[in-house]
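Just below is one structure, and these are the notes that go with it.
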Amino acid sequence: MSRLNKMYQEQLLVEAKNPYHFDKRIDIEESIRAYNPLCGDRYDLFLGEEIFFHGFGCAISKASTSLMIKFLEGKSNEEAIHSIKKFIKGIEGGGQIEEELLLIFRNPDHFKGRHDCIKLSWNAMLKYLLNLPS
Amino acid sequence: MFAIKNNFPIFKAHPDLIFTDNASTTQKPAAVIEAISQYYREMNANVHRAVYDLGNQSDQIYRDTRQEICEFYQKETCIFTHGTTDGFNKLAMSLENQIDSRSNIIVTEMEHHSNLVPWQELCQRTGAELRLVGMTDEGTLDYEQMEKLMDDSTRIVSMVHISNTLGTINDLKRVRKIIGNRNAWFLVDAAQSCAIHIDLIQNSDADAYIFGGHKMFGPTGVGILLAKKKLLNELPPFHFGGGMVTEVETLKSEYKEDVTRFEAGTPPIAQIAGLKEAVRFISEVDLGQCRQNVSRLAKTLRARLEAEGFDCLGKGQDTAGIVSVTFGDIHPHDAASFLNTKNIAVRAGHHCTQLIMKKYGIQACVRFSFSIYNRDQEVDSIMHAIKEMKSFFS
Ligand SMILES: Cc1ncc(COP(=O)(O)O)c(C=O)c1O
């Protein structure tokens with residue numbers, strides 16, 4: 001596989017073009033922003049019964065956010081914290097990514113220079129969850 | 001142009017590299033790399049404090065480079081900083097005692113953050129007003145607005161010479177005229193003009209020009225603040241410690257009178273040795289030809305991008321070799337990653353000019369910036385890759 005096809009696998013591009021729950025749900029009161037000041041990527045995550053997101057970003061951050069939302073569905077806050085941490089660690093080279101849904105990211109070396117794009121919404125979500133009153 | 005490219009070892013290490021990120025940093029000629037290495041191999045010693053031969057040699061490099069730089073740019077004096085950002089921060093600290101709540105400071109919408117944020121901070125500390133000169137959709141400065149914004153309370157006009165995002169060359173002579181004999185310092189961010197638009201620095205009359213060595217084929221870690229003596233004479237030192245003092249008592253000290261009063265601590269001597277070679281290198285190339293080349297490359301690329309239906313920022317009439325573009329639905333970072341796989345190095349993002357991004361209602365763009373080693377056929381390769389990219393992401 002070429003370097004390019006490793007980064008932009010079919011599945012990633014499909015995900016980015018048809019992102020899950022990509023909807024500006026301003027009716028949902030609770031929202032957080034995932035923002036990368038270096039590139040200007042900016043998503044608003046609307047945190048209701050279900051999670052939606054909207055905003056501007058690259059194919060990688062968009063696909064990653066979309067997959068995160070699918071991945072967190074049905075998880076408790078505790079489970080979400082645990083699995084987000086595990087995913088971020090995996091991207092940073094500190095463990096394996098084994099979850100079926102996230103397999104396109106299992107080889108972080110294919111995404112050199114773009115790890116921040118992958119982690120953008122995951123970091124924002126983690127920060128939010130960790131700051132919730134217990 | 002072939003001969004010029006051969007001076008840069010990076011292209012021997014990466015023969016297929018198309019480097020179009022020169023506005024971020026330029027590559028280094030072998031002579032500069034060798035000067036740094038030779039300095040550490042054969043001359044290393046600290047300045048100011050040695051009486052032995054090696055120390056004297058370092059002192060001489062430090063002194064000679066300063067003088068050569070002043071002669072090269074035809075300015076009265078200069079101080080070594082650590083870069084453009086460092087230079088502006090130092091000025092904004094040092095000019096504080098000339099600013100109060102009645103003053104205003106003028107900058108432009110085109111500024112790199114390094115010539116904007118330090119002034120925002122200064123205004124917050126002093127209560128002074130920060131005034132912003134806008135630009136047209138074509139990417140030209142609104143000089144008429146500048147004229148209106150300037151008044152007798154204007155103390156500083158600080159502006160970018162060549163926009164690192166648009167390539168626009170701003171008219172420093174015109175600004176000098178607008179300032180007239182007002183009691184205002186005229187400061188110029190010359191980060192994008194210091195390498196090959198030397199003539200425009202030489203022929204203009206600002207009070208200070210601020211830039212960094214790495215933008216002019218020299219090393220990182222060292223910068224230049226060219227200044228009129230009149231300006232430096234009014235500035236208090238901004239950093240304190242060794243190297244800038246004469247008599248030190250328990251509670252207070254006396255400072256040197258020459259420019260080294262602005263250079264506390266050990267200067268970046270090896271980088272200064274490299275910078276000296278960078279100046280020598282630039283002075284040996286045909287700069288007129290280089291300016292024509294980068295301008296032609298940028299204009300050709302722009303025309304071909306527009307023919308493909310992509311939006312380039314500004315109009316690029318008076319361009320210094322920089323083209324910024326958005327690729328419709330293809331995000332700038334995806335475009336940059338794609339181009340990287342074709343060995344084309346570009347920068348994607350806001351290029352530290354968020355005011356320009358806001359002006360055009362975008363978050364980010366892809367920037368191609370050319371320098372003296374880029375060639376016409378590279379534009380062909382870039383366009384070829386872009387067409388491929390278009391179908392890849394479609
Ligand atoms: C116009 C302009 N000003 C300032 C800077 C800041 O330079 P540095 O990061 O080297 O301090 C740059 C470089 O990015 C620039 O292009």
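What to note about this one:
- Pairing residues of the range B:147-164 that are under 25 Å from B:Lys215 (Cα atoms) with residues that are of a type outside the set (A, V, I, L, M) and open to solvent by less than 10 Å² (accessible area, probe 1.4 Å), at Cβ distances under 6 Å and at least 6 apart in sequence or on separate chains, gives B:Val157/B:Phe186; B:Ser158/B:Asn115; B:Met159/B:Thr108; B:Val160/B:Glu111; B:Val160/B:Asp189; B:His161/B:Asn170; B:His161/B:Ser193; B:Ile162/B:Ser193.
- Single residue of the range B:167-208 satisfying the filter (under 22 Å from B:Thr81 (Cα atoms), part of a loop (DSSP other than H, G, I, E, B) and open to solvent by 20 Å² or more (accessible area, probe 1.4 Å)) that is nearest to the ligand (Cβ to nearest atom): B:Gln192
- Output for the range B:1-32, where each listed residue is farther than 12 Å from B:Ser371 by Cβ, charged (D, E, K, R) and assigned to a loop (DSSP other than H, G, I, E, B): B:Asp16
- Considering B:Ser283, B:Ser324, the condition of being within 14 Å of another protein chain (Cβ to nearest Cβ) and within 22 Å of B:His214 (Cβ to Cβ) is satisfied by B:Ser324 alone.
- Contact map, the range A:77-100: residues that are touching a residue at least 40 places away in the same chain (Cβ under 8 Å) paired with residues that are exposed (fewer than 13 other Cβ atoms within 10 Å of the Cβ), Cβ distance under 8 Å, separation 6+ or inter-chain. Pairs shown: A:Asn77/A:Leu132; A:Ile81/A:Leu130.
- Residue list for the range B:381-393, filter: under 23 Å from B:Val294 (Cα atoms), touching a Lys or Arg at 6+ places or on another chain (Cβ under 9 Å) and of a type outside the set (Ser, Thr, Tyr): B:Ile382, B:Met383, B:His384, B:Ala385, B:Ile386
- When B:Gln317 is tested against (1) of a type outside the set (Gly, Ala, Ser); (2) open to solvent by less than 50 Å² (accessible area, probe 1.4 Å); (3) not in a strand (DSSP E or B), exactly one condition is not met: (2).
- Matching residues, the range B:143-166, being over 18 Å from B:Asp100 (Cα atoms) and more than 16 Å from the ligand (Cβ to nearest atom): B:Tyr143, B:Glu144, B:Gln145, B:Met146, B:Glu147, B:Lys148
- Taking the criterion of being in contact (Cβ under 8 Å) with a residue 60 or more places away in the chain and either away from the ligand (no atom under 12 Å from the Cβ) or part of a loop (DSSP other than H, G, I, E, B) (or both), the residues of the range B:107-133 that qualify are B:Glu109, B:Met110, B:Glu111, B:His112, B:Leu116, B:Leu132.
- Those residues of the range B:360-388 which are more than 14 Å from chain A (Cβ to nearest Cβ) and within 16 Å of the ligand (Cβ to nearest atom), in sequence order: B:Phe368, B:Ser369, B:Phe370, B:Ser371
- Residue, nearest to the other protein chains (Cβ to nearest Cβ), within the range B:220-236, restricted to residues that are within 16 Å of the ligand (Cβ to nearest atom) and open to solvent by 10 Å² or more (accessible area, probe 1.4 Å): B:Thr220
- Qualifying residue in the range B:78-85 (condition: open to solvent by 70 Å² or more (accessible area, probe 1.4 Å), within 16 Å of the ligand (Cβ to nearest atom) and under 18 Å from the mean Cα position of the chain (by Cα)): yes
- Residue match in the range A:47-55 (condition: farther than 21 Å from A:Lys75 by Cβ, open to solvent by less than 70 Å² (accessible area, probe 1.4 Å) and within 13 Å of chain B (Cβ to nearest Cβ)): yes
- Of all residues in the range A:87-102, those satisfying the criterion of being part of a helix (DSSP H, G or I), open to solvent by 50 Å² or more (accessible area, probe 1.4 Å) and under 18 Å from A:Ser61 (Cα atoms) are A:Lys89, A:Leu101.
- Of the residues in the range A:69-83, not one is surrounded by 23 or more Cβ atoms within 10 Å (Cβ to Cβ) and part of a helix (DSSP H, G or I).
The values are calculated or read from the model by the stated rules, or taken from the named source; none is laboratory data. Bear in mind that the values here come from a model prediction, so they are computed numbers and not experimental data. Cβ coordinates were reconstructed from backbone atoms using ideal geometry, including for glycine residues, and neighbour counts include every protein chain displayed. Each accessible area value is taken on the protein alone, full model and side chains, heavy atoms only, with ligands, DNA and RNA left out. Shrake-Rupley method; radii C 1.70, N 1.55, O 1.52, S 1.80 Å.
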